[in-house]
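*Asks:* Sharing a structure with you now.
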Amino acid sequence: MEIIMENNYQNEERYYKARKRVEEIKGFHGHLIAFTVVNAGVFVINILTSPNYLWFDYWFYWQLLIWAIGVVFHGMIVFNYMPFLGKDWENQKISEFMEKEKQSKNTWL
């Protein structure tokens, strides 16, 4: 009976983790679609309002660049590609803090 409950708990936990992961990926795709649609619209507005100054109208490029950086970081987080402060770093820090707490409790006893 205990094994069945454990398996159900593990399956439920895996389900919620998988569901959370799908929601993260959907959020990124929504962000990417919004980025593409909005910037295409802004580009068209930029062409229609100032066709002679397309390459000199800097506001469009700045907002495109800033938002693109945001999309790139969002993608890096969602797809677990963080060359700095990634999952390995998190696990290492968690282990380090747990070890420090364990040692500090041992010194007070």
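*Asks:* List pairs: first in the range 34-47 and over 14 Å from residue 59 (Cα atoms), second of a type in the set (Val, Ile, Thr), Cβ under 7 Å, 6+ apart or cross-chain?
*Replies:* 35/71
*Asks:* So which residues in the range 9-36 are among the aliphatic types (A, V, I, L, M) and under 11 Å from the mean Cα position of the chain (by Cα)?
*Replies:* Correct list: 25 only.
*Asks:* Additional query: Only one of (1) over 22 Å from the mean Cα position of the chain (by Cα); (2) modelled with pLDDT of 85 or more; (3) assigned by TED's automatic domain parsing to the domain that holds residue 26 fails for residue 66. Which number is that?
*Replies:* The number of the failed condition is (1).
The values are calculated or read from the model by the stated rules, or taken from the named source; none is laboratory data. Keep in mind it's a predicted model, so treat the numbers as computed, not measured. Ideal geometry is used to build each Cβ from the backbone, glycine not excepted, and the neighbour counts take in all protein chains shown.
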